[in-house]
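Trainee: One structure is given below, represented as structure tokens, and several questions about it will come after.
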Amino acid sequence: MDTGEILGMHHIKIPVTDLVRSRAWYERVFDLEPRMEFRDDHDGVVRGVAYRAKGDFSLALRENPDAARGMAGYDPFAIMLRGRADVDYWVRRLDDLGVVHAPVTEATIGYILAFDDPDGLQLRFYTLDENGADPEGRVRV
């Protein structure tokens with residue numbers, strides 16, 4: 001076996017303006033339980049939290065208002081789902097939680113579901129199944 005093989009993503013760290021607010025939102029939406037909290041060395045206030053979600057998905061939140069403000073409207077990562085049934089599950093879950101989301105998009109790379117976190121960071125689910133459609137009518141090559 002060769003060395004240096006990339007096994008996947010270790011975790012995603014998201015900057016937030018208000019850790020208490022974002023923590024409550026992420027825990028509710030993704031049904032997360034904290035694994036670790038990170039306290040500020042100077043004042044002892046919790047400024048970060050790490051989670052392990054279902055499967056191998058790991059997520060961390062860090063209070064960093066300047067970085068978070070610069071991320072609004074941006075989608076720096078996508079969460080992988082298997083297929084359309086999984087997207088439909090998340091549509092129902094987000095609806096049940098009152099989280100506003102875009103309609104499901106059928107694209108060449110699969111189905112996409114987008115929604116924003118409390119700071120306006122765009123989160124996206126993408127499926128593994130490729131269905132050949134393109135929302136802009138382009139021909140797949």
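The values are calculated or read from the model by the stated rules, or taken from the named source; none is laboratory data. The model shown is predicted, which means the values in this text are computed figures rather than measured ones. Because the Cβ atoms are built from the backbone with ideal geometry, glycine has one as well, and the counts that use them run over all protein chains shown.
Trainee: Scan the stretch 76-85 and give yes if some residue there is within 16 Å of the chain's Cα centre (by Cα) and of a type in the set (Val, Ile, Thr), otherwise no.
Mentor: Yes: one or more hits.
Trainee: Okay, next question. Can you work out which of the residues in the stretch 113-128 that are surrounded by fewer than 20 Cβ atoms within 10 Å (Cβ to Cβ) and within 10 Å of ALA78 (Cα to Cα) is modelled with the lowest pLDDT?
Mentor: TYR126
Trainee: Scanning the stretch 71-111 for residues that are small (Gly, Ala, Ser) and more than 30 Å from THR17 (Cβ to Cβ), which turns out surrounded by the most Cβ atoms within 10 Å (Cβ to Cβ)?
Mentor: Once the filter is applied, the top-ranked residue is GLY110.
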